[in-house]
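Here's the structure we're looking at; comments come further down.
The values are calculated or read from the model by the stated rules, or taken from the named source; none is laboratory data. Being a predicted model, the structure only gives us computed values, none of them experimental. Ligands, DNA and RNA are stripped out before the accessible areas are found, and what is left, the full protein with its side chains, is counted by its heavy atoms. Shrake-Rupley method; radii C 1.70, N 1.55, O 1.52, S 1.80 Å.
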Amino acid sequence: MAQKAVVSLTTGAENLEKVTVAFLVAVGAAETGRETLMFLTQEAVRLALPGAATGVGCDGCPTLESLVERYRAAGGRYFVCPICVDSRKIDASTLIDGAELNGTIPMWNWIGDDGATTFSY
């Protein structure tokens with residue numbers, strides 16, 4: 001079984017329910033001991049900005065803030081698409097802790113030869 005997990009997320013605040021599901025999957029992987037990476041692209045890159053990952057995706061869902069904190073506490077990492085950041089004129093120096101600009105080649109290098117369980121939202 002792969003001991004790494006990659007959650008690819010393209011959606012941001014415009015669909016908090018989908019973002020919540022992606023974070024639930026990432027938190028579950030990280031909290032069960034898997035090295036976990038969220039690959040943020042398109043509008044999801046904004047979630048790597050301080051104070052942007054807020055709200056509740058559905059009735060009964062945990063807050064996005066609590067999921068982000070659990071993910072951080074479990075050692076989760078973010079690779080944030082540099083092309084998407086540039087196209088949105090985002091200042092990459094303001095990314096949250098654990099987030100770094102990295103594209104597809106660094107993601108594949110992180111996955112390595114042993115593979116990873118992947119999810120895409």
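Give me, ordered by chain and number, the residues 5 or more places off SER8 or on other chains with an amide H under 5 Å from its own placed amide H.
Those lying under 5 Å, H to H, from SER8 are PHE39, PHE119, SER120, TYR121.
When a/c reaches 1.5 or more, the comparison of a/b and b/c decides; with that in mind, is the chain rounded, prolate or oblate per its Cα gyration tensor?
In terms of gyration-tensor shape, oblate.
In whole Hz, what ³J(HN,Hα) sequence does the stretch 112-117 give by Karplus (6.51, -1.76, 1.60; θ = phi - 60°), x for Gly and Pro?
Couplings: x, 7, 7, x, 8, 6 Hz.
Using each residue's phi in the stretch 87-100, evaluate 6.51 cos²θ - 1.76 cosθ + 1.60 at θ = phi - 60° and report the 3J(HN,Hα) Karplus result to the nearest Hz, with x for Gly and Pro.
5, 9, 6, 8, 7, 5, 6, 9, 4, 5, 4, x, 9, 9
Could you provide, to the nearest whole Å², the per residue accessible area of the stretch 1-78 with probe 1.4 Å?
44
From the phi angles alone, apply the Karplus equation (6.51, -1.76, 1.60; θ = phi - 60°) to the stretch 49-61 and give each ³J(HN,Hα) in whole Hz, x where the residue is Gly or Pro.
Each residue of the stretch 49-61 in turn: 9, x, x, 7, 8, 9, x, 10, x, 6, 5, x, 6 Hz.
With a 1.4 Å probe and all protein chains left in place, how much of the accessible area of the chain comes from carbon and sulfur atoms, in whole percent?
53
Kindly work out what percent of the DSSP beta bridges joining two residues of the chain are antiparallel, to the nearest 5.
The antiparallel proportion sits near 5 percent.
Quote to one decimal, in nm, the extra length available between ASP86 and CYS58 on full extension: 0.36 nm per residue of separation minus the C-alpha distance between them.
7.0 nm
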